[in-house]
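Shown next, in structure tokens, is the structure this report addresses.
Each reported figure results from applying straightforward, stated rules to the coordinates on display, with no laboratory input. Computed from a predicted model, the values in this text were never measured in an experiment. Virtual Cβ from ideal backbone geometry, glycine too; neighbours counted across all protein chains shown.
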Amino acid sequence: MVQRLVRSLAERPGREIALPAGARAAAVMLALRARNDGEPELLMIQRAAAERDPWSGHIACPGGRAEPTDVDLAATAIRETCEETGVDVARDGRVLGHLDDLTPVSPHLPPLVIRPYIALVNSDVRILPSVEVAAAFWVPLAELRTPTSWGTGVVHVRGVERSVSVFRHGGYTVWGLTERVLRQFMEYAGEAPGGESFDDDRPRRATS
């Protein structure tokens, strides 16, 4: 799966969106490691509860807004991942490329253009969560291939119940931007969410 992902990233670089006026650039990191049995795992976090954070308590990939000191968005993703989880991709891994840029669908969210990067990290990296992170954990990619992990769920947004597309891992529910990122990740890896393999001539980019 990782080899196919590397090939897809080389053949179809992620689509980049020009930054609209008033918007900020941001980046997230899909950091992968291999377990002793060779099964890849994806690093995910639960954001700590914070009153001013629109993604307070959400399950996400490490990441955040670009800062003037970042030389590019890859540096943003690396810096944010290290700050939030203690995993230093620059020291203990390598960036493979990035997926398509995404923007929030809801007008209630900050105007951002978010670039998801993919990296491989050493299997023995240690997670040291910051105060911004309530939990950090590894998700086996086998779960992303499992049809029952994907579906529809009800979430509460500003006090209103909404039915949305979700990915579930144990007691965690992933939805919104991160669910879109995971779908796109699976398509670049040559598999539809839930385990359906793509033929070589089928498009692998997320359209949501």
For region 75-120, which residues satisfy the criterion of being farther than 16 Å from residue 27 by Cβ and either assigned to a helix (DSSP H, G or I) or within 15 Å of the chain's Cα centre (by Cα) (or both)? 91, 92, 120
Do any residues in region 161-190 that are closer than 16 Å to residue 141 by Cα have Cβ atoms under 6 Å from those of residues that are of a type in the set (Asp, Glu) and assigned to a helix (DSSP H, G or I), where the two are at least six apart or on different chains, and which pairs are they? 167/179; 169/143
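Looking at the structure I just gave you, is residue 76 touching a residue at least 24 places away in the same chain (Cβ under 8 Å) and β-branched (Val, Ile, Thr)?
yes
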The lone exception for residue 122 - which of (1) surrounded by fewer than 18 Cβ atoms within 10 Å (Cβ to Cβ); (2) farther than 21 Å from residue 9 by Cβ it fails: (2)
Out of everything in region 1-15 that is closer than 21 Å to residue 101 by Cβ and among the hydrophobic types (A, V, I, L, M, F, W, C), what residue ends up being surrounded by the most Cβ atoms within 10 Å (Cβ to Cβ)? 5
What are the pairs with Cβ atoms under 8 angstrom where one residue, in region 1-27, is under 30 Å from residue 110 (Cβ atoms) and the other, located anywhere, is of a type in the set (Asp, Glu) and assigned to a helix (DSSP H, G or I)? Sequence gap at least six, or different chains. 27/80
Out of the residues in region 42-74 meeting the condition of being buried (at least 21 other Cβ atoms within 10 Å of the Cβ) and assigned to a loop (DSSP other than H, G, I, E, B), tell me which one is nearest to the chain's Cα centre (by Cα). 61
